[in-house]
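Following: one structure in structure tokens, then a few remarks.
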Amino acid sequence: MEVSDILKRVRAQKPVVHHLTNWVTIYDCANIVKVFGASPVMAHAKEEVADMAGIASAVVLNIGTLTPYLVEAMKLAAAGANRRGIPVVLDACGAGATRLRDDACFEILDGVRVDIIKGNASEIARIAGEKVQTKGVDAAAVDKNMQELAMRLAGKRSCTVVVTGVEDIVADGRRMVQVLNGHPMMADIVGTGCMASSVIGTFAAVEKDLVSASVAGLVCYEIAAEMAAKEAHGPGTFKEKLYDAVYGLDADTVERMKKIKE
Amino acid sequence: MEVSDILKRVRAQKPVVHHLTNWVTIYDCANIVKVFGASPVMAHAKEEVADMAGIASAVVLNIGTLTPYLVEAMKLAAAGANRRGIPVVLDACGAGATRLRDDACFEILDGVRVDIIKGNASEIARIAGEKVQTKGVDAAAVDKNMQELAMRLAGKRSCTVVVTGVEDIVADGRRMVQVLNGHPMMADIVGTGCMASSVIGTFAAVEKDLVSASVAGLVCYEIAAEMAAKEAHGPGTFKEKLYDAVYGLDADTVERMKKIKE
Amino acid sequence: MEVSDILKRVRAQKPVVHHLTNWVTIYDCANIVKVFGASPVMAHAKEEVADMAGIASAVVLNIGTLTPYLVEAMKLAAAGANRRGIPVVLDACGAGATRLRDDACFEILDGVRVDIIKGNASEIARIAGEKVQTKGVDAAAVDKNMQELAMRLAGKRSCTVVVTGVEDIVADGRRMVQVLNGHPMMADIVGTGCMASSVIGTFAAVEKDLVSASVAGLVCYEIAAEMAAKEAHGPGTFKEKLYDAVYGLDADTVERMKKIKE
């Protein structure tokens, strides 16, 4: 897979990526898109989300600090994206933790077309209909074959499913790819999961094959994390160096360091 | 006091700490909890706050960017915490600056059980019923004996009171402990006060003696700040190094550097 | 122009700068004010915005993640500021991207007195009545004489207009000054534009001549950016070093490095 080719297109096309995300990681969601060379925009008022989706090349939804109002706005933004045929990413942040989060995910998935569903193992298991109690927004241990579960959910929802973890799974019902890049320190700070969804949205904005887009986004982001971890003295400096590494990422490094299992 | 023992329990038990906090420092509140080894979760929708408190081991409330809606949600979350017997921390951020903030604090304190009230000198003086005009969210000079005031407020509200400053005061009406750790640069960036409340909530999640929990949290956090300040070239690098220092904090360093006056 | 004199007054007077800003950059808006030595406060509840404006020395409005509620609150805060004669800054963040943003700007400008309007070229062109389609929140190419446009808008709205870009324009209908400081890396991260408005508000809090205040704020901020860029390895470390540089900025450096065209 020509991962670096998609990265080059992100930088050349600078797509606008519209977010309705949570209030915790909203800056980092925007900044990771910016540092990859694209153009983030955040807007959540019902009165403008469809207009903003109208000038964007992808829409990223994240239920991390959802309210019923935000879920309504997410549906309006996604409907606008659906009309224009641009991809919609849903980060099922915290699914399984409360009834409201589960209901919101199902309401969005049933009401509009979501092109990519992304979550950690327990979130995806919950969206796939399994009974799992997640521990807030951190991944809980799931006694399931996640590859099978991802394939099943992708088939059921006719979409691409991304399960993040030590080994990421990207599946669309026919194909399944694993991304083996990344670093444990990503789990030591807040926001790396949310940023992954923003990266996937950014790559999906320039690549129609959503498995390739998701894999390429994860590979580039996680290679940068590997590079950052080498220079970091802890999670504080890690995050700053992650931005530096993403910004300076070159095609050769990406192709040399990528670890994909197809 | 075995401060490092409580730190070890935070890292071993990884408690979920539920926040209803402000939109300014929400990332840092979450990240400081994460870097201490615990599991932050942020949720403010009335429909889920009690459910989220139901899977948490402590609840942290912060009125930094309050609205009447958020105050209602805070009371629901705290009521859920009260039912389960888990500690509730209230950061009286900006109390004394406006009528709304004062009213919100009193409404919360009168409506639910708050286990720990935390603020700077002017905020705590205001909550204790003194007439002080704070200067926004920064501490104003208070011509009061804060130790006496803290003891009185703790007695009146049957809770633990934490007054942060150059010398922190922790009092529960019977006992009074001072924490002398910390560094002036903590006052040069936004968010160190809010993070202190999140740290106190995290330590209170694993230690029933709330004076010990508050003191231990402040000591660990402020020792990390001392270490970070030594390596920092200014407030920007200070903050990143603060996260690094918290993450790398070991028991021996904590016991050697702690400055407590009992 | 004695730029460093105004910087000294910011540090000596530590003005309270009240913000109603967006949820993306709210931390950075607060922190840049703090690091300059002033006292940021963020509050958006309709019930307290006028009270908070009542203890502030300047009010900064930013429509980056606006809702109709926030626009109402902005008008209440600005009206409070108008009554007290303290300056109001409006960052027209994303104007031109959606109907809601354009309408919000005009509603605010028609309903209260705004002392300084700040935006990038496409945002200011839109507010001046030109037909431009902005690309989200990033500046779009504008085929206009921006100096002329800024002068015209300043005259029409009886205010000071700041157009940020490689060369910033500050105009009040009679005078026009250009600031040539800054560094391209400012455009590689999210938030530098919003922070610029907060800095302008901070300087306007201590200097009645709003052209001088705006120029001085931009010069100091952008000199710090030049210094930070020299030490940065990318956009992540750049941002931390920007805070360090602002904090350590001295009068001699400012006077030596300032690039103003009057």
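What the table below lists for this structure:
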quantity	calculated
In segment B:22-36, the residues that are of a type outside the set (S, T, N, Q) and either under 19 Å from B:ILE116 (Cα atoms) or in contact (Cβ under 8 Å) with a residue 60 or more places away in the chain (or both)	B:VAL24, B:ASP28, B:CYS29, B:ALA30, B:ILE32, B:VAL33, B:VAL35, B:PHE36
Boolean, B:GLY193 is surrounded by fewer than 24 Cβ atoms within 10 Å (Cβ to Cβ), within 29 Å of C:GLY248 (Cα to Cα), within 12 Å of the chain's Cα centre (by Cα) and at pLDDT 95 or above	yes
Residue in segment A:142-155 that is among the charged types (D, E, K, R) and within 30 Å of B:GLY54 (Cα to Cα) present	yes
Of the criteria (1) at pLDDT below 95; (2) more than 21 Å from the chain's Cα centre (by Cα), which one A:HIS233 fails	(1)
Condition met for C:THR98 (polar (S, T, N, Q) and within 18 Å of C:VAL190 (Cβ to Cβ))	no
Residue list for segment B:208-244, filter: among the charged types (D, E, K, R) and buried (at least 21 other Cβ atoms within 10 Å of the Cβ)	B:GLU222, B:LYS239, B:GLU240, B:LYS241, B:ASP244
Pairs where the first residue, in segment C:249-262, is of a type in the set (S, T, N, Q) and the second is assigned to a helix (DSSP H, G or I), C-beta under 7 Å, 6+ apart	C:THR253/C:ILE223
Index of the failed condition, C:LEU210 passing every other in (1) out of contact with any His (no Cβ under 6 Å at 6 or more places or on another chain); (2) free of Cβ contacts under 8 Å to residues at least 60 places away in the same chain	(2)
Residues (part of a helix (DSSP H, G or I) and aromatic (Phe, Trp, Tyr)) located in segment A:1-44	A:TYR27
Criterion violated by C:ARG174 - all others in (1) crowded, with 24+ Cβ neighbours inside 10 Å; (2) farther than 30 Å from A:ALA53 by Cα; (3) at pLDDT below 95; (4) not hydrophobic (A, V, I, L, M, F, W, C) satisfied	(1)
Candidates A:ASP143, A:ASP188, A:ASP138, filtered to the one that is modelled with pLDDT under 95 and crowded, with 19+ Cβ neighbours inside 10 Å	A:ASP138
Residue match in segment A:174-190 (condition: under 22 Å from A:ALA56 (Cα atoms) and not β-branched (Val, Ile, Thr))	no
Those residues of segment C:109-124 which are among the hydrophobic types (A, V, I, L, M, F, W, C) and more than 16 Å from the chain's Cα centre (by Cα), in sequence order	C:VAL112
Qualifying residue in segment A:224-245 (condition: within 26 Å of C:HIS233 (Cβ to Cβ), hydrophobic (A, V, I, L, M, F, W, C) and away from every other protein chain (no Cβ under 14 Å))	no
Positions within segment B:203-216 being more than 11 Å from B:VAL170 (Cα to Cα) and under 12 Å from the mean Cα position of the chain (by Cα), in sequence order	B:PHE203, B:ALA204
Close pairs (6 angstrom Cβ cut-off, 6 or more residues apart or separate chains): under 21 Å from C:THR25 (Cβ atoms) in segment C:43-61, among the polar types (S, T, N, Q) and surrounded by fewer than 24 Cβ atoms within 10 Å (Cβ to Cβ) anywhere	C:ALA45/B:THR67
Spans of strands (runs of 3 or more DSSP E) in segment C:45-129 with at least 1 residues surrounded by 24 or more Cβ atoms within 10 Å (Cβ to Cβ), within 14 Å of chain B (Cβ to nearest Cβ) and not polar (S, T, N, Q)	C:58-62
Those residues of segment A:2-44 which are small (Gly, Ala, Ser) and at the interface with chain C (Cβ under 7 Å from one of its Cβ atoms), in sequence order	A:ALA30, A:SER39, A:ALA43
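Condition check ((1) charged (D, E, K, R); (2) more than 15 Å from C:GLY201 (Cβ to Cβ)) across all residues:
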position: C:VAL60; (1), (2): no, no
position: C:TYR69; (1), (2): no, yes
position: C:ALA79; (1), (2): no, yes
position: C:CYS105; (1), (2): no, yes
position: C:ASP110; (1), (2): yes, yes
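The values are calculated or read from the model by the stated rules, or taken from the named source; none is laboratory data. Small disclaimer: the values here were computed from a predicted structure and weren't measured. For neighbour counting, all protein chains shown are included, and Cβ atoms are generated from backbone atoms with ideal geometry for every residue, glycine included.
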